[in-house]
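Working notes, structure below.
The values are calculated or read from the model by the stated rules, or taken from the named source; none is laboratory data. Bear in mind that the values here come from a model prediction, so they are computed numbers and not experimental data. Here the Cβ positions follow ideal geometry from the backbone for every residue, glycine too, while neighbour counts run over all protein chains shown. Ligands, DNA and RNA are stripped out before the accessible areas are found, and what is left, the full protein with its side chains, is counted by its heavy atoms. Shrake-Rupley method; radii C 1.70, N 1.55, O 1.52, S 1.80 Å.
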Amino acid sequence: EWKDYNFALDVFAKTGFVPWVLSEGMQNADLFIGLSSSIIAHKGQRQRVIGYANVFDDFGRWLFYQGASAAVSYEHRNAMFATLLGKITQDYQAKRRKLQWVQIHHSAKLQRDDQHEIAQGILREAPEAEISFVRINERNAFRLFDDSPRGDGVAARGTWIMLSPNKFVLATTG
């Protein structure tokens with residue numbers, strides 16, 4: 001449901017425009033990597049996967065797009081993602097600075113073993129980096145509202161509520 005929006009945003013950014021940036025860089029965040037893949041299926045079975053990533057800096061500014069060099073079998077997708085993230089880390093550190101904090105966004109809920117295997121690509125190039133995996137759950141039961149007397153009822157973009165040490169609800173649209 002977001003493919004058209006993401007495609008339009010990618011084209012806009014790749015033609016040299018900046019769709020939006022934060023007024024200040026985020027603390028504890030060097031890179032935001034939107035990790036995604038295209039799956040080639042045959043008769044309902046996942047056959048091959050090719051991965052790609054959109055990379056953003058701590059201001060939310062799009063930096064570059066990087067794709068895997070070849071499609072792999074579904075069973076080898078994590079190794080492919082690790083290789084892709086290793087190349088991204090290498091490119092970032094060569095052009096900017098030592099990588100310390102990485103936020104990886106993926107649409108699928110990754111198992112802990114998958115996260116560990118994928119993170120190895122970054123850790124081979126930046127062994128001290130802290131890596132967080134983020135998944136946006138668009139079908140959650142939570143809704144945030146602004147109930148202040150002067151508010152319009154809509155929670156401001158960036159409003160968040162901690163549910164547990166590793167879970168929180170964040171308003172992303174305002």
Would you please list the contacts, defined by Cβ atoms under 6 Å and residues six or more apart or on different chains, that run from a residue in region 159-172 that is over 11 Å from Val134 (Cβ atoms) to a residue that is β-branched (Val, Ile, Thr) and part of a loop (DSSP other than H, G, I, E, B)?
Ala171/Thr159
When only residues in region 62-94 that are touching a residue at least 24 places away in the same chain (Cβ under 8 Å) and hydroxyl-bearing (Ser, Thr, Tyr) count, which is surrounded by the fewest Cβ atoms within 10 Å (Cβ to Cβ)?
Ser73
Any pair with Cβ under 9 angstrom, 6 or more apart, that starts in region 95-106 at a residue that is open to solvent by 30 Å² or more (accessible area, probe 1.4 Å) and ends at one that is of a type in the set (D, E, K, R) and in a strand (DSSP E or B)
Gln100/Glu130; Trp101/Glu130
Among the numbered conditions (1) crowded, with 16+ Cβ neighbours inside 10 Å; (2) without any contact (Cβ under 8 Å) to a residue 24 or more places away in the chain; (3) not in a helix (DSSP H, G or I), tell me where Leu110 comes up short.
(2)
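Residue-by-condition table, conditions (1) under 20 Å from Asn28 (Cα atoms); (2) in a strand (DSSP E or B); (3) at pLDDT 75 or above; (4) in contact with a helix residue (DSSP H, G or I) (Cβ under 7 Å, 6 or more places away or on another chain):
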| residue | (1), (2), (3), (4) |
| --- | --- |
| Lys98 | yes, no, yes, no |
| His105 | yes, yes, yes, no |
| Pro127 | yes, no, yes, no |
| Ser132 | yes, yes, yes, no |
| Asn137 | no, no, no, no |
| Arg157 | yes, no, no, no |
| Met162 | yes, yes, yes, no |
| Phe168 | yes, yes, yes, no |
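Kindly establish whether Asp30 is of a type in the set (Asp, Glu) and touching a residue at least 40 places away in the same chain (Cβ under 8 Å).
Yes.
Can Glu117 be described as surrounded by 15 or more Cβ atoms within 10 Å (Cβ to Cβ) and closer than 20 Å to Asn166 by Cβ?
Details: surrounded by 15 or more Cβ atoms within 10 Å (Cβ to Cβ): yes; closer than 20 Å to Asn166 by Cβ: yes.
The answer is yes for Glu117.
Is it the case, given these coordinates, that Lys43 is of a type in the set (Lys, Arg), farther than 14 Å from Val134 by Cβ, out of contact with any Leu (no Cβ under 9 Å at 6 or more places or on another chain) and modelled with pLDDT of 90 or more? Working first, answer last.
On the way: of a type in the set (Lys, Arg): yes; farther than 14 Å from Val134 by Cβ: yes; out of contact with any Leu (no Cβ under 9 Å at 6 or more places or on another chain): yes; modelled with pLDDT of 90 or more: no.
Spelling it out, it is not the case that Lys43 is of a type in the set (Lys, Arg), farther than 14 Å from Val134 by Cβ, out of contact with any Leu (no Cβ under 9 Å at 6 or more places or on another chain) and modelled with pLDDT of 90 or more.
Would you point out which residue out of Phe59, Phe32 is outside any loop (DSSP other than H, G, I, E, B), of a type outside the set (Ser, Thr, Tyr) and open to solvent by 10 Å² or more (accessible area, probe 1.4 Å)?
Working: Phe59 fails: outside any loop (DSSP other than H, G, I, E, B).
Every option except Phe32 fails the conditions.
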